[in-house]
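The values are calculated or read from the model by the stated rules, or taken from the named source; none is laboratory data. What you see is a predicted model, and the numbers here were worked out from it, not measured in a lab. Methodologically, a virtual Cβ is constructed for each residue, glycine included, from the backbone with ideal geometry; neighbour enumeration extends over all protein chains shown. When the accessible area is computed, the model is the full protein with side chains, heavy atoms only, and any ligands, DNA or RNA have been set aside. Shrake-Rupley method; radii C 1.70, N 1.55, O 1.52, S 1.80 Å.
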Amino acid sequence: MSPAASFAAALAAASPAGSSAAGEGAGRAVLRAAGLGPKTLARVPADARQVLVVKGAGPDANRGTARLYTRTGAGDWVPGGARPTRNALRGWTDDHRSGDLRSPAGVYRIGDAGGLLPNPGTRLPYDRSDEFAEGGTGFAGESLDTAFDHVLAIDYNRVAGVSPLDRARPLGEERGGGIWVHVDHGGPTHGCVSLARADLVALLRELRPEWHPVIAMGDGERLAR
């Protein structure tokens, strides 16, 4: 059976009731093999059945890979395919500040989506709005016109359960915000994670709100702690 077929079969067999504690303990070996250390794993909520692992190439790198792990009813974590990513121009940080051009490393809920274009088929709440329109150019001189065609809000310094456009910043404006997974525009970001359009659309369709998805993001050294 191909990896894609195995992943689809595992999803089909997943039980809404969740897994046993023993199965979950054994299954987390897969997440450890993915590079998540004890401190990172401790921040993954017990009810999370989907973990998007975004691993940067280095602490100051703005490229990396993403892979979605989904937990079956037996407690096994099944990996999806690797997808190339970009992140902030200057890499990663544990103490994100507005304008530092680094992406905030950590584990965060991901449950709200939206974009300039209509819902591409996600089960997540989706806010279609002209306010997602973006102009100008990025760090490599590339157009940003289509960057926010689809976005997935990362719950860093934001109120969960609202549109990604919401401007509330519970930690204060100085801690930044508006950290999304959005469409890749051909260059590094200010703080977000970006995926190729087809990869982002596929991810949005794979995520299930009832499985309480989270993102674990950072360079390999931070994720391994």
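Couple of notes before you dig in:
- Here is the figure for the stretch 71-85: residues that are touching a Gly at 6+ places or on another chain (Cβ under 7 Å) and under 19 Å from residue 110 (Cα atoms) total 3.
- Any hit, the stretch 156-166, residues being open to solvent by 10 Å² or more (accessible area, probe 1.4 Å) and not in a loop (DSSP other than H, G, I, E, B): no
- Pairs where the first residue, in the stretch 90-102, is within 16 Å of residue 64 (Cα to Cα) and the second is acidic (Asp, Glu) and open to solvent by 60 Å² or more (accessible area, probe 1.4 Å), C-beta under 6 Å, 6+ apart: 91/60
- When the stretch 23-34 is limited to residues that are touching a helix residue (DSSP H, G or I) at 6+ places or on another chain (Cβ under 8 Å) and within 9 Å of residue 77 (Cα to Cα), the one that is modelled with the highest pLDDT turns out to be 31.
- From the list 36, 41, the lone residue that is more than 21 Å from residue 195 (Cβ to Cβ), open to solvent by less than 60 Å² (accessible area, probe 1.4 Å) and aliphatic (A, V, I, L, M) is 41.
- Within the option set 79, 118, being without any contact (Cβ under 8 Å) to a residue 60 or more places away in the chain and over 14 Å from the mean Cα position of the chain (by Cα) holds for one residue only, 118.
- Listed by position, the strands (runs of 3 or more DSSP E) contained in the stretch 44-140 that have at least 3 residues being touching a strand residue (DSSP E or B) at 6+ places or on another chain (Cβ under 8 Å), open to solvent by 40 Å² or more (accessible area, probe 1.4 Å) and on the phi > 0 side of the Ramachandran plot form an empty set.
- Pairs where the first residue, in the stretch 35-59, is under 11 Å from residue 214 (Cα atoms) and modelled with pLDDT of 95 or more and the second is open to solvent by 30 Å² or more (accessible area, probe 1.4 Å) and part of a strand (DSSP E or B), C-beta under 6 Å, 6+ apart: 53/67
- Filtered by the rule that a residue be part of a helix (DSSP H, G or I), open to solvent by 30 Å² or more (accessible area, probe 1.4 Å) and either modelled with pLDDT under 95 or of a type outside the set (Gly, Ala, Ser) (or both), the stretch 171-225 gives 173, 174, 175, 197, 199, 205, 206, 209, 210, 221, 222.
- Filter result for residue 153 (at pLDDT 95 or above and of a type outside the set (D, E, K, R)): yes
For (1) aliphatic (A, V, I, L, M); (2) out of contact with any His (no Cβ under 8 Å at 6 or more places or on another chain), each residue gets a yes or a no:
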site	(1), (2)
32	no, yes
45	no, no
49	no, no
57	yes, yes
66	yes, yes
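- A residue that is hydrophobic (A, V, I, L, M, F, W, C) and in contact with a Leu (Cβ under 7 Å, 6 or more places away or on another chain) cannot be found anywhere in the stretch 162-178.
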